[in-house]
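The values are calculated or read from the model by the stated rules, or taken from the named source; none is laboratory data. Since this is a predicted model, take the numbers as computed values, not measurements. Quick reminder, even Gly has a Cβ in these numbers, built from the backbone with ideal geometry, and neighbours come from all protein chains shown.
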Amino acid sequence: MIDFIGKKQWFFLGSAIVIIVMIISLAAFRLEPGIDFTGGTSMTLSFTPQVEQNQLRQELTALGYSEAIVQRSEDNFFIRIKEISPEEKEALISGLETGLDTEVGILDHDTISPVIAAETARNAGIAVAIAAVAMLIYIAWAFRRMPSPFKWGTCAIIALVHDVLIVVGVFAILGQVANVEVNAMFITAVLTVVGYSVNNTVVVFDRIRENRTRGISPDFAVTVNSSLTETLARSMNTSLTTLCVILALLLFGGATIHYFVLALLIGLLSGTYSSLFIAGPLLVIWEKGEWKQMFPWLSSLPKTA
Amino acid sequence: MSKRNIYWLIFIIALLGLALWSILPVNTKLLGSNGLTLGLDLKGGSQLLYEANLSQKDASVSDAEAMAAVVEKIQRRVNEFGVTEPTIQKLGTNQIVIQLPGVENITRALKLIGETGLLEFREQRFDESGDPVINETTGEPVFGNESATAIGKDGQEKALTGKYLKHAYRDVDPYEGPIIAFEWDSEGAYLFEQITRRNLDKQLAIFVDNEQISAPVVQAVISDRGQIEGRFTLDAAADLANKLNSGALDVPLMLINQRDVDASLGADSIRKSIIAAGIGLVLLLLFMLAYYRLLGLVACFSLGIYGVVLLAIFGFFPITLTLPGIAALILSLGMAVDANVLIFERMKEELRSRRTLGAAVEAGFNRAWPAIRDSNITTFIACIILFWLGGTFGAFMVRGFALTLFVGVALSMFTAIVITRTFLRLIVGSRLVTNLEAYGVKL
């Protein structure tokens, strides 16, 4: 049997270090918001004959788009500029065609007014918050026969926040080093990770619930530890099978959904880890009131309850 | 073999047959005779999101009425424009989302759809001595800022606008090239006669959306018909006639989001997704076979049925497939395996504790069920919230993902509980395989 509970400090320490790194990168770098949240125009352009990134950047500057972000995406170029009208877009394309002596194809184009972008950003925030609260309420309900079901819910939410922070933190770092932007699809990935993270935690909790009801051990720590061991094979196998399909999508699915799939992948790995090494051990600490042993300074605080 | 299992088996075979019948032949239009409904990101096209300025509507109509009228008029314009399967929907209280699959000339479509299309006439201005006012820089006569009015049949003063048109159409004048010819209804003719009479031998300017199109000299008093010249191209004349026929939009529209995807990019996305799905699926099935042996084989069969039925559901309803939707389909395969894994792990535990095969199958399902149920509900909650979020800003990609994942996870629960269980009961009941190692268990 693996000693999940006995080594819990190490798991917590590991997670705490990762989370702190993520929070610091998030605070320092912020996420690179895409046009879904700021407004603007983005296009994926193909050039025949092909042009160099530097040429394209120079030509864009010459046409008055010196602030343009230019990225290579497979054989094409992704450019992002301020919001432009359909007429300005036509002028830009014909300007590029004459300036670079090439034929330009617009593979995709997206123009979003800042008005709706602000609303989208707000709604995205609301959606993630509602999701977290809905999960808490749902778990409290699903585990209503356990003493203090809100403890179970809260532990699942802590694991969830852990996973979301890691995904968001990685994208803050990616935004800094590789200009990776977050868009509406990123929010979709985050919400999917929310669902997946809690999904895993519920499977683990379900086993704890069952073993507790059967009374396999008077010690809750032992109950949780054997539950975690019993669900380990399932957690690993489900993660591996899902990993198979996600990796295939990441490697062969094309540039359009590349970062969306990457966010799912990070969430999947973190979600599997946190359901075993964070949610379960946390529940033990809370149920047994071990907070003070782990954090001795807590006992110096005045008692409130 | 118990009767119950036979019934279930017949049900499963019937379901599979029905699903296969609906998605075959695979080669025509991507699965089945009608084909899957593809989103704009896969088949190419444009999505436009407009916001209506409701503060400028006529006070006598409600917001909803004004929006409904605008949607109807855009519908008419788009139908006349000739896009296959366009969708035009109101979104929230003041937004309209328009999807134009396969549209080639988006700039032309934008002018046609988003511009109000208000036709009006303006009279020349005269100074106190009765001479026409001339713009000193251009040398052109100056026209009033208000539309020309006349007394209607009911005795009220009315502005003559496009709303009194009976019909407008593109015509070709031998000298002017493409023009728009129009006919007034009886009220329009009554007003037009008075206006042409008092402007005889003067210029009368024709304005569309506050832009002067032309200013011909009125050569005769005319009532029921007229024409608009303006050095149009054939397309421009056709589009203006189309706009005038549909009627002026009741409120001005502002384009707040435009998304165009080229059909070649969509085709590329489909090709790559199919490759990715194929590779992912093969890896997943190999893993299941290697780890769970006979149970893995059962899982492969039920996943096969899962895939066929899922595609049939997509074709039947039809659910629009988008690129994120394909990602959700592939992801749901991973989740579909989860239910099987949960059940198999339970079964193996039961077998290790020396239960009989039959008892292990039943106990495995009964014990795994609460975990399957409770855990998938969390994915459902996330999907519902995503579906709402996608609807707030016309993000069909987000909606496509949420809907697909929801359907996929729901079907995966059904597959695990009905199909996998029936197969396992039949195999165990037949006593063909009793060697526990075939179930991946070593005692």
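Tabulated values for the structure
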quantity	calculated
Top-ranked residue of the stretch A:176-188 - restricted to ones that are within 9 Å of chain B (Cβ to nearest Cβ) and aliphatic (A, V, I, L, M), ranked as nearest to residue A:35 (Cα to Cα)	A:184
Options A:241, A:256: the member that is at the interface with chain B (Cβ under 8 Å from one of its Cβ atoms), over 18 Å from residue A:156 (Cα atoms) and outside any helix (DSSP H, G or I)	A:256
Residue in the stretch B:290-302 that is over 26 Å from residue A:111 (Cα atoms) and of a type in the set (Val, Ile, Thr) present	yes
Hits in the stretch A:48-81 (condition: touching an Asp or Glu at 6+ places or on another chain (Cβ under 8 Å) and of a type in the set (Ser, Thr, Tyr))	A:48
The lone exception for residue A:89 - which of (1) modelled with pLDDT of 90 or more; (2) assigned by TED's automatic domain parsing to the domain that holds residue A:182; (3) of a type in the set (Lys, Arg) it fails	(2)
Qualifying residue in the stretch A:209-218 (condition: among the aliphatic types (A, V, I, L, M), surrounded by fewer than 21 Cβ atoms within 10 Å (Cβ to Cβ) and assigned by TED's automatic domain parsing to the domain that holds residue A:26)	yes
Selection status of residue B:55, of a type in the set (Ser, Thr, Tyr), out of contact with any helix residue (DSSP H, G or I) (no Cβ under 7 Å at 6 or more places or on another chain), assigned to a loop (DSSP other than H, G, I, E, B) and loosely packed, with under 13 Cβ neighbours inside 10 Å	no
Check on residue A:194, facing chain B (nearest Cβ under 7 Å) and assigned to a helix (DSSP H, G or I)	yes
Matching helices (runs of 4 or more DSSP H) fully within the stretch A:35-148 where at least 2 residues are surrounded by fewer than 19 Cβ atoms within 10 Å (Cβ to Cβ) and facing chain B (nearest Cβ under 10 Å)	A:86-100, A:114-142
Options A:214, A:122: the member that is out of contact with any strand residue (DSSP E or B) (no Cβ under 9 Å at 6 or more places or on another chain) and more than 26 Å from residue B:400 (Cα to Cα)	A:214
Checklist (1) in contact with a Gly (Cβ under 9 Å, 6 or more places away or on another chain); (2) at pLDDT 85 or above applied to residue B:8, failing item	(1)
Strands (runs of 3 or more DSSP E) wholly inside the stretch B:159-225 that include at least 2 residues being in contact with a Cys (Cβ under 7 Å, 6 or more places away or on another chain) and in the same structural domain as residue B:243 (by TED's automatic domain parsing)	none
Among (1) away from chain A (no Cβ under 11 Å); (2) in a helix (DSSP H, G or I); (3) surrounded by fewer than 17 Cβ atoms within 10 Å (Cβ to Cβ) - the single one residue B:282 does not satisfy	(1)
The lone exception for residue B:99 - which of (1) more than 30 Å from residue A:91 (Cβ to Cβ); (2) at pLDDT 85 or above; (3) of a type in the set (S, T, N, Q) it fails	(1)
Any hit, the stretch B:355-367, residues being part of a helix (DSSP H, G or I), within 22 Å of residue A:193 (Cα to Cα), out of contact with any Gly (no Cβ under 6 Å at 6 or more places or on another chain) and within 13 Å of chain A (Cβ to nearest Cβ)	no
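Matching residues to (1) facing chain A (nearest Cβ under 9 Å); (2) assigned to a helix (DSSP H, G or I):
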position: B:275; (1), (2): yes, yes
position: B:307; (1), (2): no, yes
position: B:318; (1), (2): no, no
position: B:325; (1), (2): no, yes
position: B:335; (1), (2): yes, yes
